[in-house]
1. Out of curiosity, is Ser5 modelled with pLDDT of 65 or more, assigned to a helix (DSSP H, G or I) and more than 30 Å from the chain's Cα centre (by Cα)?
2. Out of curiosity, is Ser68 surrounded by fewer than 14 Cβ atoms within 10 Å (Cβ to Cβ) and polar (S, T, N, Q)?
3. In the list Arg58, Arg85, which residue meets the criterion of being at pLDDT 90 or above, in a helix (DSSP H, G or I) and surrounded by 15 or more Cβ atoms within 10 Å (Cβ to Cβ)?
4. Within the stretch 33-53, count every residue that is at pLDDT 65 or above, part of a loop (DSSP other than H, G, I, E, B) and surrounded by 10 or more Cβ atoms within 10 Å (Cβ to Cβ).
5. Just to be sure before I move on: is Arg78 surrounded by 10 or more Cβ atoms within 10 Å (Cβ to Cβ) and either part of a helix (DSSP H, G or I) or modelled with pLDDT under 95 (or both) in the structure I sent?
Amino acid sequence: MTYSSNRKINSIALLLGVFAALCSPSYAQQPNFNSQQHDPVRWHQEDFNPEAYFSTLRKEAYAVYQESLQECRHGYMRSRNPCIREAKAQLQSDLIEAENTSHTRRRLKN
């Protein structure tokens, strides 16, 4: 036999061995790993009350605001102040939209 034919036979044998191992009953009976098994239950329970929903939307709005400020700080000096004003205006708009969406009425800080 030549080297290439031995190599093909070894490759086929290896593939058959892997296939047989994967089809074996002991492999099939192993439970699938579930990452949620070790997580606290509260991580996977949604809050359906308006205050919790507003709180989530508020956190997201402030996260976007912080990202916008970071982008403004990396800009040119002349365009920084208008950029910061626009980010604040967008934050206020997002907070008002969060109130309307979550059906809560809170007083926003200026």
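The values are calculated or read from the model by the stated rules, or taken from the named source; none is laboratory data. The model shown is predicted, which means the values in this text are computed figures rather than measured ones. Heads up, the Cβs are rebuilt from the backbone with ideal geometry, glycines too, and the neighbour counts pull from every protein chain shown.
1. For Ser5, the condition - modelled with pLDDT of 65 or more, assigned to a helix (DSSP H, G or I) and more than 30 Å from the chain's Cα centre (by Cα) - is not met.
2. Against the criterion (surrounded by fewer than 14 Cβ atoms within 10 Å (Cβ to Cβ) and polar (S, T, N, Q)), Ser68 does not qualify.
3. Arg58
4. Number of matching residues: 2.
5. Numbers: surrounded by 10 or more Cβ atoms within 10 Å (Cβ to Cβ): no; either part of a helix (DSSP H, G or I) or modelled with pLDDT under 95 (or both): yes.
So Arg78 does not fit the description; no.
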